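Readers should treat all values here as calculations from the given coordinates under stated rules, not as data from a laboratory. All figures in this text were calculated on a predicted structure; none of them were measured in a lab. With ideal geometry, Cβ positions are generated from the backbone for all residues, glycine too; neighbour counts draw on all protein chains shown.
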Amino acid sequence: MAALLPLHSHFLHHKTSDPKLSQYYLTKPPKTIKSTSLTIACIRKEEVVIIGAGIAGLSTAVSLHRLGVPSLVLEQAESLRTGGTSLTLFKNGWKVLDTMGVGDELRSQYLEIQGMVIKTEIGRELRSFTFKEEDQTQEVRAVERRRLLETLAKQLPVDSICFSSKLAKIKVDKDGETLLELSNGTRISSKVVIGCDGIRSSVAKWMGFSEPKYVGYCAFRGLADYANGQPFGPRVNYIYGKGIRAGYVPVSPTKVYWFVCFNSPSPGPKITDPLVLKNQTKELIKKWPSELQNIVDATPDDTIIRTPLVDRWLWPGFSPPASLGGAVLVGDAWHPMTPNLGQGACCALEDAVVLVQKLAPALKVGPMAIEDALRSYQNERWPRIFPMAVRANVIGAVLQLENPLVCAVRDNVLVPKLIRLGPMLEHTNFEFDPLPQTRV
Ligand SMILES: Cc1cc2nc3c(=O)[nH]c(=O)nc-3n(C[C@H](O)[C@H](O)[C@H](O)COP(=O)(O)OP(=O)(O)OC[C@H]3O[C@@H](n4cnc5c(N)ncnc54)[C@H](O)[C@@H]3O)c2cc1C
């Protein structure tokens, strides 16, 4: 990795909850040559640059690192995302975390969820399932997003992540390498650029992808905190209403994750005032049994967020390929999906490990081999993620229906008599070649 030669003597340090992570919180200013009328930024050369230090970006960097390939992660924020709530990970996600060497560290902090129960908005139980009865190998745990990111970042060498580094422009240079320009003026040329920059990905936009589409409902989410221990059994609790549905799941001995999805004709304005968010959530569920309201009340304000839900379907023949020259997409940047299957982050983890196994050997060969590897990644991943995004969308659309007659059929026939858990979780079966357990 080429070293930066900063003209400015200061590095910016940013706060983190984990002192071991302080080494990653560096922002290096660009190297510039100043003349009286012009400032020319020198180009830094890299082999692999990853845009975005979310789950996709960090898991890709960790997988590359395991195969002995260094990478530079550019993140627009000043530090790792420390807010946010939690994510439920199924056995496919856990298998990937294991091969990255972080599964057990996370497992030790989060409860294994045994099953799920579905109730109506008046508290009538419709159905319950036990995961292991359906599939002995299933593993379901919710993890705090913050902790997942910190755990992955700790696997990387010092200075692997550059914060306050927002990608502003991207193009292919005359040598076929990808040229990146950051909003602070830094210019980087890289053999491979991996776009892990989430649902509003600049890399995807540059490749010709359309904006993700709003699906007609939003989600409030929060992480309730019970300092003296939370009182819930280890199962996911779903509540189905009319045009509104909610759920909660114990994450750890002291934390409970909850969400409320509600129909809304438009995404609405961005609201950040936590009190407004809490009041709007409580208004939606005010006639429901008090248990969920109490959980919302036990939620620290700063963890409550409201997200308009979006997805993008990768229609064959219409959607651009996932790679362009030496640039490729991973995670939400490529395939934003609604959270109805709890698979967005799991798929980002899968993408990372599949991509890296193909890319690492190709880097030793040359540009043609790299492009072949990126195409092979897309060809392997597309048949898995396209149907998943469609399925998640359809399930969400059905569960958000408001018509009382349709809801009565759902509550009296569909859920109690027809649905089976096994087929609903078949998508969590995922096989891949494990990464080497000692670093190459
Ligand atoms: C309500 C809800 C519930 C969900 N629940 C689950 C669940 O239970 N299980 C599950 O598996 N998934 C779940 N998901 C999906 C999951 O959150 C996403 O799939 C996952 O976070 C995608 O990770 P990512 O790294 O691709 O993107 P992100 O997490 O969005 O990370 C992108 C990163 O790129 C950075 N970035 C963006 N633009 C730039 C730029 N120009 N320059 C530099 N950096 C940039 C961002 O700051 C960010 O850090 C849920 C999603 C929602 C909305």
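Observations
- Ignoring lysines fewer than eight residues from LYS132 along the same chain, the ones with Cα atoms less than 18 angstrom from its Cα are LYS91, LYS95.
- With respect to the chain, whose longest principal axis is taken over its alpha-carbon atoms, helix 274-284 is tilted by about 30°.
- The modelled label-to-label distance between GLU112 and ASN184, using points 7 Å beyond Cα along the C-beta direction, is 4.4 nm.
- The order of ILE370, ILE161, ILE43, going from fewest to most other C-beta atoms within 10 Å of their C-beta, is ILE43, ILE370, ILE161.
- Computed over the chain with a Gaussian network model linking Cα atoms closer than 10 Å, the most mobile of GLY247, GLY115, GLY268 is GLY268.
- Note on the chain: Rg/Rh from C-alpha atoms, Kirkwood Rh, equals 0.98.
- With loop membership from DSSP and a limit of 12 other Cβ atoms within 10 Å, the longest segment of the chain without trypsin sites (Lys or Arg not before Pro) is 16-123.
- Computed over the stretch 310-440, relative contact order equals 28 percent, with contacts defined as Cα pairs under 8 Å that lie 6+ residues apart.
- Computed [θ] at 222 nm, deg cm²/dmol, the chain (DSSP H ≥ 4; -39,500 (n - 2.57); rounded to nearest 500): -8500 deg cm²/dmol
- Most mobile listed residue (CYS42, CYS196, CYS162) in the chain, GNM with C-alpha springs under 10 Å: CYS42
- Highest to lowest packing among 341-348, 256-263, scored as the average C-beta count within 10 Å: 341-348, 256-263
- In the stretch 395-440, the GluC sites (Glu not before Pro) that fall in loop regions by DSSP, at most 15 other Cβ within 10 Å: GLU402, GLU431
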